[in-house]
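The values are calculated or read from the model by the stated rules, or taken from the named source; none is laboratory data. All values derive from a computational prediction rather than experimental measurement. No Cβ is skipped: glycine too gets one built from the backbone with ideal geometry, and neighbour counts run over all protein chains shown.
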Amino acid sequence: MTEHRKLYIETYGCQMNVNDTEVIFSILARHGYARTESMDEADVIMANTCSVRDNAEQRIWGRLEVFNQQRLTRPDVVIGILGCMAERLKDKLLETRKVDIVAGPDAYRRLPEMLAAVRPDSPQIDVALSRDETYADISPVRIDRNGVSAFISIMRGCNNVCSYCVVPYTRGVERSRDPRTIVREACEVFSQGYKEVTLLGQNVDSYCWKEEGQADVSFADLLERVAAISPELRVRFATSNPQDISDAVLETMARHENICKHIHLPVQSGSNRILEKMRRRYTREWYLERVARIRELMPDCGLTTDVIAGFCSETEEDHRQTLSLFEEVGFDTAFMFQYSERPGTIAARKYPDDVDPATKTRRLNEIIALQNRKSLESYRADIGKRFKVLVEGPSKKNPDELCGRASNNKMCVFPQRPTLVGGSSGCGEREGTLRGMLPATGTVTDPLKPGDYVEVEVTGCTSATLLAKLV
Ligand code: SAM
Ligand code: SF4
């Protein structure tokens, strides 16, 4: 009997993994598993893992040791490794005898069955990849804390096979999800009070739903449908691929105020020679043209990127090309990585990992230094501008202030709204303390709460936050 067993899951890696964890909680909730945030009280301890870089995997090996310490006092505790690392290292994980469950990204529906079958010397494994699993019918149990912003996976897998990337091997072929189930899920979260959905896929621009006798539904069509749910529901998406991002998508974004003006457009390198070797199917010139088009259609659009330093055979000249592209584009922020060889990828099979670690680190540091300067420039350029911000909750650094994102995805920090506006009580209390006592000249307003929209004016910044006042 599995009733009321407590389930603890740690999630590593991308937003898609966070959403997968939500799907897993939903599947297991139906079988009597209740979520806990404390490993110490959990009957089942799992990690939903990432294999994109070696250090992500090293971290999981470390966590596996920590999970196993629980067995010293509670030998019945069940331990599972889920997701990309389960897919990639199946046998190696089982050999450790430290895991009971190894489940790949397409095996989550079988988790209840696998959990029921676990015995001390009978670990359960399912790493089969599917051509059609999208978990479309499952309403994920939201694990975010703010109740404002929800992730919705619109597709799974990837057909691109960039030479450095393990994702196609761990998450399988690309599958798009029925748009009706996506719209239904977005409506559901909106009716629960969420004000923002982020549509997720490894390459959202290649989203395509085909159905006999019907016109194909493209990503631009899907965006249009989700945006139409309500002007009060913001729509974001990630990740776009420079080779596929179309004018139709950009025009749809430009047309709808509630589709946020932010594009995460990973460039990976500024050198055409390296891009070709990475099997990215665009050139530097193509990338710059897409950026120009984005800015032509949406001059205030936020732009962020991913980059890899020290890919196989990268020369100083290739690296300078990356620096010059960063200089030219001026991203708001970037996720910057050193190349990490992943076994089984095309690069691992064909190209020596020949940029020495010190050079990789130095190049990465040069990109980071340049990007920090460009981030500050980009954030400073917003001083004096007004933005509509979706309140997420108290600011992390100062709980007396609030934070929320502008459409361009920049985080804004601003004060709470005074709850008494425009009058004095005449009895010495400070503004904001008089809920329920309406003076003749003042108006009582509600304090801002997560999910409210508010207009702010930017008065200052750091390289990662806009500091603002209410207007
Ligand atoms: N699908 C997205 C795309 O095409 O850009 C991103 C997928 S990947 C999970 C996220 C980022 O990890 C990539 O954009 C890339 O910069 C980085 N990455 C992937 N493989 C890597 C590797 N072997 N070494 C270092 N960084 C890597
Ligand atoms: Fe990996 Fe390339 Fe697919 Fe992104 S598009 S997941 S980098 S193979």
* **Filter result for Arg131 (assigned to a helix (DSSP H, G or I) and not small (Gly, Ala, Ser))** => no
Residue pairs qualifying under the 8 Å Cβ cut-off, at least six apart or on distinct chains, with the first in segment 12-27 being of a type in the set (Asp, Glu) and the second being in a helix (DSSP H, G or I) and surrounded by fewer than 21 Cβ atoms within 10 Å (Cβ to Cβ), are none
Here the residues within segment 201-214 that are of a type outside the set (S, T, N, Q) and within 16 Å of ligand 2 (Cβ to nearest atom) are Gly201, Val204, Asp205, Tyr207, Cys208
Hey, does segment 145-166 have a residue that's within 16 Å of ligand 2 (Cβ to nearest atom), more than 17 Å from Val23 (Cα to Cα) and β-branched (Val, Ile, Thr)? yes
(Q) It is to be established whether one or more residues within segment 266-281 are part of a helix (DSSP H, G or I), of a type in the set (A, V, I, L, M, F, W, C), within 16 Å of ligand 1 (Cβ to nearest atom) and closer than 28 Å to Cys84 by Cβ. (A) yes
Within segment 167-200, the residues that are crowded, with 17+ Cβ neighbours inside 10 Å and either closer than 26 Å to Thr345 by Cα or within 14 Å of ligand 2 (Cβ to nearest atom) (or both) are Val167, Pro168, Tyr169, Thr170, Arg171, Gly172, Glu174, Arg175, Ser176, Leu200
Restricting attention to segment 190-241, the residues that are in contact with a strand residue (DSSP E or B) (Cβ under 9 Å, 6 or more places away or on another chain) and within 16 Å of ligand 1 (Cβ to nearest atom) number exactly 16
Counting only strands (runs of 3 or more DSSP E) wholly inside segment 1-109, the ones holding at least 2 residues that are away from ligand 1 (no atom under 16 Å from the Cβ), crowded, with 16+ Cβ neighbours inside 10 Å and among the aliphatic types (A, V, I, L, M) are 5-11, 44-49, 78-83, 101-103
All-but-one check, Val141 against (1) of a type in the set (A, V, I, L, M); (2) in a loop (DSSP other than H, G, I, E, B); (3) more than 18 Å from Thr49 (Cα to Cα); (4) more than 20 Å from the chain's Cα centre (by Cα), failing number (4)
Expected single match for closer than 27 Å to Arg171 by Cβ, at pLDDT 95 or above, of a type in the set (Val, Ile, Thr) and touching a Ser or Thr at 6+ places or on another chain (Cβ under 7 Å) among Val217, Val204, Val235, Val183 is Val204
Within segment 130-166, residues being crowded, with 21+ Cβ neighbours inside 10 Å, away from ligand 1 (no atom under 16 Å from the Cβ) and of a type in the set (Ser, Thr, Tyr) number 2
Taking segment 334-380 and the residues there that are within 16 Å of ligand 2 (Cβ to nearest atom) and polar (S, T, N, Q), the one that is farthest from Thr304 (Cα to Cα) would be Thr345
Restricted to segment 304-330 and to residues being within 18 Å of Gln243 (Cα to Cα) and touching a strand residue (DSSP E or B) at 6+ places or on another chain (Cβ under 6 Å), the residue farthest from ligand 2 (Cβ to nearest atom) is Thr304
Note: among Ser139, Ser122, Ser153, just one is closer than 30 Å to Glu232 by Cβ, modelled with pLDDT under 95 and out of contact with any Phe, Trp or Tyr (no Cβ under 7 Å at 6 or more places or on another chain), namely Ser139
Within segment 201-214, the residues that are assigned to a loop (DSSP other than H, G, I, E, B) and surrounded by fewer than 20 Cβ atoms within 10 Å (Cβ to Cβ) are Lys210, Glu211, Glu212, Gly213, Gln214
For segment 215-231 the number of residues that are buried (at least 17 other Cβ atoms within 10 Å of the Cβ) and outside any helix (DSSP H, G or I) is 3
The correct count of residues that are crowded, with 20+ Cβ neighbours inside 10 Å and assigned to a loop (DSSP other than H, G, I, E, B) in segment 245-265 is 4
Of the residues in segment 268-297, those that are without any contact (Cβ under 8 Å) to a residue 60 or more places away in the chain, within 16 Å of ligand 2 (Cβ to nearest atom) and touching a Phe, Trp or Tyr at 6+ places or on another chain (Cβ under 9 Å) number 4
If we keep only residues of segment 164-192 that are within 20 Å of the chain's Cα centre (by Cα) and among the small types (Gly, Ala, Ser), then the residue farthest from Thr49 (Cα to Cα) is Ala186
